Every structure is written in structure tokens, then in C-alpha cells.
1. Can you pull out every residue in the range 29-84 that is under 26 Å from residue 124 (Cα atoms) and without any contact (Cβ under 8 Å) to a residue 40 or more places away in the chain?
2. If I filter the range 53-64 for residues that are of a type in the set (Gly, Ala, Ser), modelled with pLDDT under 95 and under 30 Å from residue 286 (Cβ atoms), do I get at least one hit?
3. Is there any pair linking a residue in the range 300-313 that is free of Cβ contacts under 8 Å to residues at least 12 places away in the same chain to one that is in a helix (DSSP H, G or I), with Cβ under 8 Å and at least six apart or on different chains, and which?
4. Can you name every one of the helices (runs of 4 or more DSSP H) wholly within the range 215-304 that holds 2 or more residues which are among the aromatic types (Phe, Trp, Tyr)?
5. How many residues does the range 229-254 contain that are touching a residue at least 40 places away in the same chain (Cβ under 8 Å), open to solvent by 50 Å² or more (accessible area, probe 1.4 Å) and touching a helix residue (DSSP H, G or I) at 6+ places or on another chain (Cβ under 7 Å)?
6. Could you please find all residues in the range 75-104 being buried (at least 16 other Cβ atoms within 10 Å of the Cβ) and outside any helix (DSSP H, G or I)?
7. Taking the range 279-306 as the region of interest, how many residues are under 24 Å from residue 217 (Cβ atoms) and open to solvent by 70 Å² or more (accessible area, probe 1.4 Å)?
Amino acid sequence: METVVSGIRPTGFLHLGNYFGALRNFIKMQDEANCFFFVADYHSLTTHPKASALNEHVKNVLVDYLAAGLDPEKSTLYMQSDLPETAELYLLLNMLAYTGELRRTTSLKEKIKNDKINNEDNVNAGLLTYPVLQAADILIHNADKVPVGKDQEQHLEMTRDFAQRFNYRYEVDYFKLPVAYNFGNELVKIPGLDGSTKMSKSDNEASCVYLSDSPEIIRKKVMKAVTDSGPIESHQEKPQAIENLFQLMKAVSTPETLQFFEGQYDNCQVRYGDMKKQLAEDMILFTAPIYEKILELRNNDDYLRKVAKQGADKARESAAKTVKEVREIIGIRSL
């Protein structure tokens, strides 16, 4: 059985984009592979979250994982920081990484641009070596496959480089070269309610529909979604914001509902208010089982602690084996 590894940063609640882009496929994968799914709390430290907020976000992601359908009896669910072996492998892999290649990563350049950092010397070292920690997350379980989005493909390629570099330097065939988990047509990109092409809480929280949003909140968010004055000719090309509404409807509504509003749009008869009301109700219906489970789990701290400990124990068994063997290969042995 192949080993699959993936994690999500705890920067808040998970939204529909996370569900369709990752969680839905995670749920299928746990019946097909040896899966390790973690909450990447170390990674979130590059943006300096408040201590109280970080702890709460970690809990929220675990709750959302479980409510969406991840089963701790099928998958290994754990907190990244519960694996000290990951930090040790991160240190060892840093000896194989070059500052030049780390400075050239697209994610680093975008972070500098988006945060308006004027001097690259002001970037914290954790952000610079983010791909190395990500490689440690993957290689600590010697993964075969990693489900990644388009924006993470470069990091996966760097993981393969570090693994290959380790094998070459120490003349071993130890680390596998992990490949991207290809979902084909199952990979769905969910747009934002603000007209953006991707639902992202870091860009605009109001554009996101969280799995933990109540029906009232979903209605308010959807009714505020960006629209225009409507089409003025038949079969007119849709602007991005309107295309987003139809993409969201395609994800959560019935084919008949989508076809009805497509026809309304093509005939210049669409009423966006009616469309958004329908979309909101369909979102509420779609998220209801997850939302109800979230409410059930949110205050069940004993169960959450049990899941976290069980996952940490299973993950450490795998991680300890990797670090022990890596140390021996490198030559770090007790005298």
C-alpha cells in the first residue's frame, strides 16, 4: 500500500475551497493508501500568529478534518509539532539545501511582494527554508505520493531534489522520490464570492464560505457576492464574478438547478437575487452534515485529545524509524 502525506496550515477555519480542493479527495484516499494527514502548525509560525489564536486554529482544523469525514481509524491524523523527529530531519535536510535555490522559490517571491517587504534580507529564515520543512514533512514518512495544488508543485520538486541529493551524497537508495497525487477531473477549484478566482481566507475572509458557517452567515455572505447589471445579449460571455457564481452552483447545486439559471442567463432573464438565494440554500444543504458534526465535536475536548494522541503515537512510530535510519546513514551514532 502506497504512503500518502499532506497537511493544512492552521490559519483559521477550513472553507469550501479546502473541501473540494483537498478534503474530499483525502476522504477517498484513506481507503486506498496509508495516509498521514497533519495540521501544519510549525509552518504557520512564519506569519507570527498570536499564541492563543494558534492553539484555537489547530483545534479548529482538527475538528473540520473529522467533521468532513477523515477517520482516525483509517488515517493517521496528527499535529506537526507533536513530531520532534520532523524538526530533526528538517535540520539535517538544511545541510543539503542551498540558499540560492531557496531564494528563487516562487512562493517566497510572492510573499515578499504581497507583504510589501522592501528588503529581502528582512525575510525570516523560517520562510526562506519553508520548502525544506515541507520536504521533512513528506520524507519523514518516506511518502510515495503527495496531493498538491498548482502553487505547491515547485516545493514538491524541491523535495524530490533533496531526497535525490541525500541518496547521491551518501551512496544509498533510501528516500523515495515522491510524486504528485493526480486526481485528474476530480480536482475542483472553488472561486471566491468577491470575484476572485480562488476562495482564499488570506485574501478576503468575506469571500469564503467556511464549513463551520451557520445558515444565517452563509446567506449573508452569498447575498453580498459580487455581480453586475446582467447580460445584454444572448449567450454573452460571463465576467469573472458571474462565472464564479455558476462555478459555485455547479459544485453544490443539482444539475437541473444549474441548467435553469444557465438558461436564464443565456436569455438575458437572469435575476441575480433569485440565483444567490438558491445558491445560499444549496450551500446550506450541502454543508449541513459537516456543520452539525462540527457543533458536536467542538466542545468534545476529551475525544479531540484522544484523536491527537493516537495520531501522534502512530506518526512517531513511522518518523522515529526514518530518523534512526537517516542518522545511521549519515554517520551520527552513539559511541
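1. Matches in the range 29-84: 44, 47, 48, 49, 50, 51, 52, 53, 55, 56, 84.
2. yes
3. The qualifying pairs are 303/297.
4. Fully inside the range 215-304 and qualifying: 255-266, 272-298.
5. 0
6. Matches in the range 75-104: 75, 76, 77, 78, 79, 83, 96, 97.
7. Residues flagged as under 24 Å from residue 217 (Cβ atoms) and open to solvent by 70 Å² or more (accessible area, probe 1.4 Å) within the range 279-306 amount to 9.
Let's see how each residue does on (1) in contact with a strand residue (DSSP E or B) (Cβ under 6 Å, 6 or more places away or on another chain); (2) within 30 Å of residue 293 (Cα to Cα); (3) at pLDDT 95 or above; (4) not small (Gly, Ala, Ser):
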site	(1), (2), (3), (4)
213	no, yes, yes, yes
220	no, yes, yes, yes
227	no, no, no, yes
230	no, no, no, no
233	no, no, no, yes
237	no, no, no, yes
241	no, no, no, no
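The values are calculated or read from the model by the stated rules, or taken from the named source; none is laboratory data. For clarity, every value in this text was computed on a predicted model and none was experimentally measured. Every residue, glycine as well, gets a Cβ built from its backbone with ideal geometry; the counts of neighbours run over all protein chains shown. Calculation scope for accessible area: heavy atoms of the full protein, side chains included, ligands and nucleic acids excluded. Shrake-Rupley method; radii C 1.70, N 1.55, O 1.52, S 1.80 Å.
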